[in-house]
Amino acid sequence: MRPTGRVLIVDDDAAFLDAYRDELGSEGFDVQTATDRASAIARLDEADWDVVLLDQKLQGGAGPDEGLTLLSEARVRAPAARSIIVTAYADPDAIKRAFAEGAYDYLDKDGRFFSVLLRSKVSNAIELVRERRLGALGDEAREQHINDTWAAARTEKDAHRKGRLLEELLVLILSTVEGFTRVDSHVRNDVEEIDVVVRNESTDPFWSKEGTYILVECKNWSKPVERAEYDVFWRKLERRRRRCRLGFFASLGGLTQGFLRAVASDAKDDLLIVPMQEADLARLVEPGDRSAVLKDLHQKAAVARNHGNGS
């Protein structure tokens, strides 16, 4: 199983194709395009897509609803993918037909919040595809997927895609810990974005005291992360109304001494941020008791914090 995030866009409007690339590329998705029915069918046969965005009309406003006719092709040729119809010519009959043909969702090109809805709908669809694919994996296949995602995250050159792969890696790893019952990525609200959210239903006394949710921040920077990012993440923990007391901060590019000093000295409100650098992530990638590895990292952060406060 390869990392999720492959999006095929079928549209004959060059301006919209550029907009799609900008919006979805900045989210770390692998975006490919087709501009007509023939090229769309060829692309559908090329790869295992997660999401297919289909323009309702591929020959201008006066043309036929060719995008709708491609829904059945997408369903057959990319059965795991979720198809979203995008149009500037929405009408009730077309919407009904789209869902009858198996569309996952519908998006109005002329809508006021097009960019926001585009990112949200595609992200939600990819989360659904990922959950279904992971649920179908056996233990051996899951471990191979973790290793493949780790290798891809370390070698990827595109910064946005690298960040997406790091998030996916943490989702995969944390999903193997008993009691971490739901792991979601790219969670947004009006105030902030959280890279990964874990619902903590563990009966292990070590984890059960940490609250209902555990947050994870992922940084793909090529340079060490500064102290300021620690403070931003801390505020995300504080906003959870005491339902979250633990956060993991993963960075492939390392952490500055200022960041690590903050871990060692900040002891207010019973919150704890556990740093994860490349060597720590490599330990978690290895098959075995990942809960034990996380406990070890947790202990090191907690002990460092106590030492930082003279305890």
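Here the range 120-255 carries DSSP beta bridges of which approximately 65% are antiparallel, counting only pairs with both residues inside. Against the longest alpha carbon principal axis of the chain, how many degrees, from 0 to 90 and to the nearest 10, is the axis of helix 290-308 turned? Orientation of helix 290-308: about 50 degrees from the principal axis. Across the chain, the longest piece that holds none of the trypsin sites (Lys or Arg not before Pro) lying in DSSP loops with up to 14 other C-beta atoms within 10 Å covers 1-111.
For the range 205-282, applying the loop criterion from DSSP together with a ceiling of 15 other beta carbons within 10 Å to the GluC sites (Glu not before Pro) yields E226. The range 130-203 and the range 237-267 have their alpha-carbon centroids 19 Å apart.
Which links in K157/K295; K157/K236; K209/K300 stretch past 22 Å when you go from one Cα to the other? From the list (K157/K295; K157/K236; K209/K300), the Cα-Cα distance tops 22 Å for K157/K295; K157/K236.
Lys and Arg at +1, Asp and Glu at -1: add these up for the other residues within a Cβ distance under 10 Å of A94 and post the number. Within the 10 Å Cβ shell, the charges total 0. The alpha carbon centroids of the range 1-28 and the range 86-117 are separated by 17 Å. Helix 66-77 and the long axis of the chain differ in direction by around 60°, with both axes built from C-alpha atoms. Compared with the direct C-alpha span, the chain from A302 to T212 gains 30.5 nm at full extension, assuming 0.36 nm per residue. Over all other residues within a Cβ to Cβ distance under 13 Å of S202, the charged ones net out to +1, with Lys and Arg as +1 and Asp and Glu as -1.
For the chain, take the longest principal axis of its alpha carbons; what is the angle in degrees between that and the long axis of helix 227-238, to the nearest 10 within 0 to 90? Roughly 80 degrees between the two axes. Rounded to the nearest 5, what % of the DSSP beta bridges within the chain are antiparallel ones? Roughly 30 percent of the DSSP beta bridges within the chain come out antiparallel. Going from the fewest other Cβ atoms within 10 Å to the most, the residues S291, S83 appear in the order S291, S83. Checking (i) 1.10; (ii) 1.29; (iii) 1.22 against Cα Rg over 2.2 N^0.38 Å calculated from these atoms, the matching label is (i).
Values quoted throughout were computed directly from the atomic coordinates according to the rules given, and no laboratory measurement underlies them. Predicted, not measured: the structure shown is a model, and the values here were computed from it. Please note: Cβ atoms are built from the backbone with ideal geometry, for glycine as well, and neighbour counts cover all protein chains shown.
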